[in-house]
1. Which whole-Hz ³J(HN,Hα) couplings does the stretch 330-335 yield from phi under the Karplus relation 6.51 cos²θ - 1.76 cosθ + 1.60, θ = phi - 60°, glycine and proline marked x?
2. In whole Hz and in residue order, list the ³J(HN,Hα) couplings for the stretch 117-123 that follow from phi through the Karplus curve 6.51 cos²θ - 1.76 cosθ + 1.60, θ = phi - 60°; x for Gly and Pro.
3. I need two numbers for the stretch 4-181: Rg to one decimal and Dmax as a whole number, Cα atoms only, in Å.
4. Rounded to whole Hz and in sequence order, give me ³J(HN,Hα) for the stretch 155-161 from the Karplus expression 6.51 cos²θ - 1.76 cosθ + 1.60, θ = phi - 60°, writing x for Gly and Pro.
5. How high is the relative contact order of the stretch 79-150, given as a whole-number percent (alpha carbon pairs under 8 Å, six or more residues apart)?
Amino acid sequence: MDRCIVLVDAGYLLGAAASLLAGEPSRSRITVDHAALIQALRERAESDTERPLLRIYWFDGAPDRVPQPEHRRLRVMPRVTVRLGALTRSDGRWAQKGVDAAMHAELTELARNRACSDVVLVTGDGDLLPGMMAAKEHGVAVHLWAVQAADGDYNQSEDLVAEADERRVLDRTWITKAVRAKELGGICAPPPVPRPEIAAILSAPLPESALAAAAERTVEEGEHMPAAAGSENGTQERVPAPKGVPTPKDLAALRAPGVQPAQHPANATLRWSSDKGWVDRPAAESPEVASMPTLAQLTTAEQRWADREEDITTVGGDPYEVGQVFARRWMERLGDQSHLQKLSGMYPRVPHRIDGELLRYAARFGLLAHKDDQIDEHDRYAIRAGFWREIDVRTAAEHAPAGE
């Protein structure tokens, strides 16, 4: 049929773009506007082949083949189909598994069924050579696109380049329409406003009991750490000792200088981004905490459906942003605004029911650590920081003098 299809190896496209714009192939070094990228691919494919687009297939890897935030946004775009292979970590590097095989299978199947007259391949993998040859034998014209190499040389298999019917290089000007390099040292979101009482807690010296507990943990963790590896010259490489990050148990025993005891009730639990040293919560929550509604209790079925649509299409999945979105929805649907003041006064402790709901919501965005079924410690900080920043913005606005 007189239509074109685009098969994109996302690992190649975005890795080569990162090399070109940021100097290294790490995708974490670039920011991608996926909607703009898909539109640019469609326009260029229809222009080059002089055929209307049937579909864009986006092939990528993901840990345990679980869709990441970018995959969730891509797969709801018109005429985009996402195919996921596995993403595995070996020797400190991530590698895709099964992506080239999936592309080969899709390419040969489309050609065999005469689903299109032209196929655009955005890849550099020589393993696709047999699939390209099979497609040509079925009468399909194969267009091979490359991303401009940072060093001016080929970043594709030479056999693949030689076998293609048509070739094109996507240059820096084209790439930068949808991809840009992140600034070094940049952050995804503004840091939360510092809270002096928490700064005082964290800067205060730990009591002797807490230091002893921390020393015990260090010894216990050291017993389970791998033995020091030998270096090439026969000397032993020293394994770094675990950092002495205070746990909730440590912090519960603290009374920082200059901080009034009333700010730290005896039964308070400081929620920390670590699963170590849990502090037992009171058997029964206080009435003001127990009466505080969760987001699920405040959300209707229609709102729940709309929330899912928003999550898929507009929420980027940055941990800080996820915390902000959750807090914004909770506050907008809160009938009794006194709950907001109660929550603000509990800082930094997020009530257990709401905190658990917040982390479960964040897990939907692929923020679970690989094979650990828990959210990375750094991401937990960011999620809760975004949550509290949004709460602070709302409460500050409500207390601002009129006219400001």
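Quick note: the coordinates plus some simple rules give every number you see, no bench work behind them. Note that the structure is predicted; figures quoted are calculated from it, not measured.
1. Along the stretch 330-335, the couplings run 4, 5, 5, 9, 7, x Hz.
2. 9, 9, 10, 9, 10, 10, 6
3. 15.2, 45
4. Along the stretch 155-161, the couplings run 10, 9, 4, 5, 5, 5, 4 Hz.
5. 27 percent.
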